[in-house]
Structures are given as C-alpha cells and as structure tokens.
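Below you'll find the structure, written out as structure tokens, and then a few comments.
The values are calculated or read from the model by the stated rules, or taken from the named source; none is laboratory data. What you see is a predicted model; the values in this text were computed from it and never measured. Here the Cβ positions follow ideal geometry from the backbone for every residue, glycine too, while neighbour counts run over all protein chains shown.
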C-alpha cells in the first residue's frame, strides 16, 4: 500500500472465488489479504491460496497505480489553485462595489455605481479554469454523472452564475449544486464503466 493510503476496494466478484474455498481457507485468505495491504509482505499459507490470491494482488496493484495518478492530479491542481489564490489576493481590491460622487462646478452631483472590473475578470478566469479542472471528475464521480455531461453544464451555469463569489471553493460548490439540480435520470450513470464515473 502507498503511504497515507488508508483504504482499498474489495470487489464484490471475489465472492465467486471465496465461496469455493473451505471456511478455513477463506479465513486464511482474508488474513493474507489484510497482511498484504498493510505491507507486511506475507507468504501465502499454502499453494492454493497463493494461486487464489494472485488475481486479487494484481487488481490491488492496478488500483494503487490509479490512486497514485489521482493523488498526483490532486496535488498539481491544489498547487495551481493555491498559486492562483495568492496572485488574486495580491490584486484583489478591498471593495467589490464603490460609489463615485462627482461634483461639477454648476452644483450638479452625479452618482454612479461602478462594479469592480477585477472581480468580473476573476470569475471569468475561474470559468476558464473550471473547463480543465479535476473538480469536474470529482463532481461527476460523487454525483454519478458522466464527465462530458458535467462539462456541458458550464455554459448554462455561466448564464445563471453570480457576478461575485467570495472564494473559488464557493464558486465550485455553486456549480456542483447547479449540476445536481439539472441532472436527470437520463444523465446518471446506470452501468458500471471501467473508471467508475463515466467516460472522460
């Protein structure tokens, strides 16, 4: 197991193999499984369990490779997001709206509400980031939707989104809620796909 990985997937179809074992061998297989995932480098208790455990071990290795890729993607996304937040804090104004009072010599006062341009630019950049964000896969996985469906909702969300969000996380949360409200049974994943959350 990888460092900091606290869980594994035990696939339901293992039951077909385990049911063919005696209760004693099934118990030994489970103990061997637990020792393996806890990096105790166990030797199989007998030749039968060595053969039975091999496909389970190979699946665990495939899952670990996928987990490493996902972890790396989250790490890169988190670093990029942190860098953007730091840059935004450097240019983010203290007020999002201000009132400009202009007094003309003829004693005429003009009041004009000015929306801060940088806030609008920031939201626009968030939309650009969202199109290639790993959040899309997370939303798709958690909502049991196809990633292409989640991506297709970005433009619809743009039409309904607020002009200002306090943080990128609030922006993402609002998008996730929007996607979940627009999802129908037709857009939900009903059959198991190879990656578990639709086609990428």
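Select from segment 147-156 the residues that are touching a residue at least 12 places away in the same chain (Cβ under 8 Å) and within 18 Å of the chain's Cα centre (by Cα) and write down the one among them that is nearest to residue 122 (Cα to Cα).
By that ranking, first place goes to 154.
Given 151, 128, 89, 76, which one is modelled with pLDDT under 75 and either within 28 Å of residue 178 (Cα to Cα) or not in a helix (DSSP H, G or I) (or both)?
So the residue among 151, 128, 89, 76 that is modelled with pLDDT under 75 and either within 28 Å of residue 178 (Cα to Cα) or not in a helix (DSSP H, G or I) (or both) is 89.
Pick from 63, 13: which is surrounded by 12 or more Cβ atoms within 10 Å (Cβ to Cβ) and in a helix (DSSP H, G or I)?
The unique qualifying residue is 63.
State which residue pairs qualify: first residue over 18 Å from residue 147 (Cβ atoms) and inside segment 168-187, second residue at pLDDT below 85 and not in a helix (DSSP H, G or I) in any location, beta carbons under 8 Å apart, and separation of 6 or more residues or different chains.
Between residues of segment 168-187 that are over 18 Å from residue 147 (Cβ atoms) and residues that are at pLDDT below 85 and not in a helix (DSSP H, G or I), the close pairs are 171/161; 171/165; 174/161; 174/162; 174/165.
Only residues that are without any contact (Cβ under 8 Å) to a residue 40 or more places away in the chain and closer than 19 Å to residue 70 by Cα: list them for segment 1-36, please.
Of everything in segment 1-36, those that are without any contact (Cβ under 8 Å) to a residue 40 or more places away in the chain and closer than 19 Å to residue 70 by Cα turn out to be 3, 4, 6, 7, 10.
Can you confirm whether segment 158-168 contains a residue that is surrounded by 12 or more Cβ atoms within 10 Å (Cβ to Cβ) and under 16 Å from residue 74 (Cβ atoms)?
yes
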